[in-house]
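Let me begin by presenting the structure, written as structure tokens, before commenting on it.
The values are calculated or read from the model by the stated rules, or taken from the named source; none is laboratory data. None of these values were measured; they are calculated from a predicted model. So basically every Cβ, Gly included, is an ideal-geometry build from the backbone, and we count neighbours across all protein chains shown. Just so you know, the surface numbers come from the protein's heavy atoms only, side chains and all, with ligands and any DNA or RNA stripped out. Shrake-Rupley method; radii C 1.70, N 1.55, O 1.52, S 1.80 Å.
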Amino acid sequence: MSLRWDAELAPGSKATADDLAGAGIETRFDDQLDAEQWLTDNFAELADLGVASVTLFDEDEKVYGPMRLDEA
């Protein structure tokens with residue numbers, strides 16, 4: 001199992017792939033609980049970068065999402 005978040009930027013966001021990587025969006029997780037805890041701890045920073053929503057994937061299979069960050 002290798003879980004990861006995929007981020008969708010809001011229209012007009014100036015964030016780059018490097019900005020998202022620096023925020024940790026490329027982090028891989030061994031279980032869903034760890035992935036969800038990471039999002040809980042980091043969603044404000046992601047929202048500040050202009051991330052509108054995130055989707056959780058296990059490898060290439062969507063687990064759930066997109067989930068808007070203003071609803072997280």
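Remark: the range 62-70, residue by residue, has Karplus-estimated 3J(HN,Hα) of 5, 8, 6, x, x, 10, 5, 6, 6 Hz, where x stands for each Gly or Pro and the curve is 6.51 cos²θ - 1.76 cosθ + 1.60 at θ = phi - 60°. Computed from the Kirkwood radius of its Cα pairs, the Stokes-Einstein diffusion coefficient for the chain at 37 °C and 0.692 mPa s stands at 272 µm²/s. Each Lys or Arg adds one and each Asp or Glu subtracts one; over the other residues with Cβ under 12 Å from the Cβ of ASP19, this totals -3. For the chain, the per residue solvent-accessible surface stands at 63 Å², with DNA, RNA and ligands left out and a 1.4 Å probe. Could you compute the FRET efficiency for ALA44 and TYR64, with r as their C-beta to C-beta distance and R0 at 22 Å, rounded to 0.05? After rounding, the FRET efficiency stands at 0.60. Put simply, the amide H of SER53, placed in the peptide plane, has neighbours under 5 Å in GLU8, LEU69, leaving out anything fewer than 5 places away on its chain.
Computed from Cα positions, the angle between helix 32-49 and the longest principal axis of the chain comes to roughly 0 degrees.
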